[in-house]
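See structure below.
The values are calculated or read from the model by the stated rules, or taken from the named source; none is laboratory data. Bear in mind that the values here come from a model prediction, so they are computed numbers and not experimental data. Glycine also receives a Cβ, built like all others from the backbone with ideal geometry; neighbour counts cover every protein chain displayed.
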Amino acid sequence: MLLSLCFFEGSGILERTIPWFGLLPLLISLGRHRYSLKWRLLHGFFFGSILCCWPLASAGSWVEAPILSTAEASLPIIGAWMLFCAAGGVLLRKSSPLAIVPAMAVTWTAIEYLRVEYIPLASPGMQLGQLLQPDSPEGQIATVIGLSGLGFVICLVNGAFFLALRESRVRTQVFPALAATLGVLGMVGLGSIIEAPGKNGGRLPGESLRVGLVQNTGDGDGKHLDLARQLLNSKPRLILFPSDTFPGSGDKPGFKTRLETFAREEGVAIGAGVLKDRESGEDSRPSLLYIASGARHGDESAEEILSIETKEGQSILLVTDRVSHSAHQMRRLASEGAQLFLVAGDSAGMQTEMHRLLDRLLAFRALETGAGICRATRKGSSSILNNRGSLQAEAPKGQDWAAVNPAPLLDPRQGHTWFVKGGWVLAPGCLFALGILALLELYSRRKIPGAQDSTRPS
């Protein structure tokens, strides 16, 4: 419960300190039960349950969504902690104490990367790195090693402190404790002075796109267009709608005509997601729709990425929520020259607290890629983030809202972030290393017939 405090909005000294020792109770329990798989799985289940469910319950989010929706978001997270605890007991039985700490960090980073990137139903929120605030100095390190890298460092520091508590020799205690403390201080110092590409000396990039965001908690596309008309006096170049605003089939087949008429009469571009019929049995992923200013042309794509040309030489992408959650896909798009991401968000069945976690996740994606992110939702919190992960504008939770703000475009001459250049390899590298460690463990057990997880040394 103490560790889960860091997932809330607070940013005091307690929330900044907890991540660096919050895993110690779990690691101590794993050390005591390293020969019992059953107890390790139970520890992982209860630790994961309290960590991811308590923020939802304390925020009253259990009544905002069906139980099945909550379970869908929670079970993959709990399963990841159970898998980590099962593997952690095996590592804690090894004789080399200095090898335990990096092996534990590699194991967790690999499991988390596998959950977020390769399990479609898994919630991308509540990653270990999200315990840090994106606007804190230590959170700024995401421009170098990414969100998964922050989780790696957190696990590494916790493992070093655990090793200092477990060992009886003073020399063995002092070295890991000193290394962990210097590591944390080094992250804070480096994050305070780091200059990410696109940071531009603390100033916003010179070029920006005036984006209007529309958030309507009710049903029907008429209210969305009424809110969009309120933005016209602020002269937006593009208005972004959520993905669950317009139905792809059903009783309102003429919404595209209304949008084209709106774009033609008002001289503004429109980006939106088109929600497919969830009861048709087809892929429920939304398609993306773009209508140019004046309705000169329009594009609709069943893919999850749509390139928008608002001006020659600019690279602005309209993407779905699923793409914005993936560090791998966002990094690839940034390396190809994306200057701004527009996210047509889908808030169906999502709790309020999960929206806060996704807002923090997108802030880290902005830090990783060095590009701004605009997200429009219906029931959540629409927002505009600059390329440093800072909020430019944020809608109130669960209320009708519309606003126009300049979204900064990344200057391609300033280059890519260190994460895009090469820092992204840490997480897939950990997954590869975990596979090698698993093969070596299986090979060693084949050489010793009868070796079981519950066997204690004589």
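Step by step: first the residues of segment 128-187, then only those that are of a type in the set (G, A, S) and not in a helix (DSSP H, G or I), then the one that is farthest from I78 (Cα to Cα). Which residue is that?
Pass one, segment 128-187, residues of a type in the set (G, A, S): 129, 136, 139, 142, 146, 148-149, 151, 159-160, 164, 168, 177, 179-180, 183, 186.
Filter once more, keeping what is not in a helix (DSSP H, G or I): 136, 168.
On the way: S136: 27, S168: 33 Å.
Among those that are of a type in the set (G, A, S) and not in a helix (DSSP H, G or I), it is S168.
Identify all residues within segment 362-401 that are of a type in the set (A, V, I, L, M) and part of a strand (DSSP E or B); write none if there are none.
Here is the first cut: in segment 362-401, the residues of a type in the set (A, V, I, L, M) are 362-363, 366-367, 371, 373, 376, 384-385, 391, 393, 395.
Passing the criteria: I373, A376, I384, L385, L391, A393.
Please go through segment 373-426 and pick out each residue that is surrounded by 22 or more Cβ atoms within 10 Å (Cβ to Cβ) and among the small types (G, A, S).
A376, G380, S381, S382, S383, G389, A402, A407
Kindly evaluate F152 against the criterion of being farther than 25 Å from Q329 by Cβ and either hydrophobic (A, V, I, L, M, F, W, C) or out of contact with any Pro (no Cβ under 9 Å at 6 or more places or on another chain) (or both).
Details: farther than 25 Å from Q329 by Cβ: no; either hydrophobic (A, V, I, L, M, F, W, C) or out of contact with any Pro (no Cβ under 9 Å at 6 or more places or on another chain) (or both): yes.
No; evaluated as a whole, the condition is false for this residue.
For (1) within 16 Å of H416 (Cα to Cα); (2) assigned by TED's automatic domain parsing to the domain that holds R237; (3) at pLDDT below 85, each residue gets a yes or a no:
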position	(1), (2), (3)
L289	no, yes, no
S301	no, yes, yes
S307	no, yes, no
E312	no, yes, yes
A344	no, yes, no
S347	no, yes, yes
L357	no, yes, yes
G370	yes, yes, no
N387	yes, yes, no
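Quick check on this structure: which one of I18, I50, I67, I13 is of a type in the set (V, I, T), in the same structural domain as V116 (by TED's automatic domain parsing) and either in contact with a Cys (Cβ under 7 Å, 6 or more places away or on another chain) or modelled with pLDDT of 90 or more (or both)? Spell out the reasoning first.
Values: I50 fails: either in contact with a Cys (Cβ under 7 Å, 6 or more places away or on another chain) or modelled with pLDDT of 90 or more (or both); I67 fails: either in contact with a Cys (Cβ under 7 Å, 6 or more places away or on another chain) or modelled with pLDDT of 90 or more (or both); I13 fails: either in contact with a Cys (Cβ under 7 Å, 6 or more places away or on another chain) or modelled with pLDDT of 90 or more (or both).
Answer to the selection: I18.
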